[in-house]
Every structure is written in structure tokens, then in C-alpha cells.
Amino acid sequence: MTMTLSHEALEQFRQILKEREQSLREEIRQALLKADSEHYADLAGQVHDTEEASVADMLVDLNLATIDKYVEELRQVERVLGRMQEGEYGVCIDCGGPIGEARLRANPVALRCVRCQEAWEKTHAGGETPAL
């Protein structure tokens, strides 16, 4: 399907995505520096009982989860910038129809139109479930 966004709108989205990409890279860098300065060994060295050990573990896990969140969002932005280069930005990956400009303004990394996103969410509710 051909792109329905105007050249001006496409450039606005490109700028928004590039700015978000830069922001995410900086947030990841800052989170890594923070995590590096808060070594688990330092936290563990201050632990005096199992409750404090649990808090230390939680803090380390929280730092890693934050970094993972930023990295995943950065991947989404990079994926969408690649689709933009290929002339596929704003085209639903499922039905090939246009993703409305209002939807893209609300979520510039949207890959599906509203109808296909709703269908996808119904079949993928809850995300991935860990298995033993």
C-alpha cells in the first residue's frame, strides 16, 4: 500500500523518532553509569540480614529492568526508522492498510492500524509467559 502521510508529516515523525532515539541512548548511558556505580557487591556488603539482602537484590533487578525497558524502546524506534527508510512507515504490518496519522501522533512507533492492533492484543494478551 502506498504511503498516505504527507512529506511534511513524514519529516515531523522522522524528527520525533530521531530525538527519541537520542534521548533513549542517553537514558541507557546514564542508567548503565548508575548501575556501574551501585555495584551489587557494595550493596551486599551493607547487608546485615535476609530482608536487606532482598532489598539489595530488588534494587539490582530494578536497575536491570529499567535498562531493558530503554533498550526495547530503542529497538522499536530503530525498527520504525528502518521502515521509514524503506517507505513503509505508516503501513500496517498485518493488513497493509494505512495507520492513521492520529494514531501515529499518539504512538509514533505503531506498527499496526487500530483494528489489527486490537486483534493482535486479543490473541497475545498478557505477553510472553515464562515457562519452566
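Looking at region 84-99, which of its residues are free of Cβ contacts under 8 Å to residues at least 24 places away in the same chain and surrounded by fewer than 16 Cβ atoms within 10 Å (Cβ to Cβ)? Residues satisfying the conditions are 85, 86, 93, 95. Here residue 74 clears all of (1) of a type in the set (A, V, I, L, M); (2) at pLDDT 95 or above; (3) not in a helix (DSSP H, G or I) except the condition numbered (3).
Only one of 26, 19, 11, 38 is modelled with pLDDT of 90 or more, farther than 30 Å from residue 97 by Cβ and under 26 Å from the mean Cα position of the chain (by Cα). Can you tell me which? So that I can check it myself, show each step before the final result.
Working: 19 fails: farther than 30 Å from residue 97 by Cβ; 11 fails: farther than 30 Å from residue 97 by Cβ; 38 fails: modelled with pLDDT of 90 or more.
On inspection, the qualifying residue turns out to be 26.
The values are calculated or read from the model by the stated rules, or taken from the named source; none is laboratory data. Please read all numbers here as calculations on a predicted model, not as lab measurements. Cβ atoms come from the backbone with ideal geometry, glycine included; neighbour counts cover every protein chain shown.
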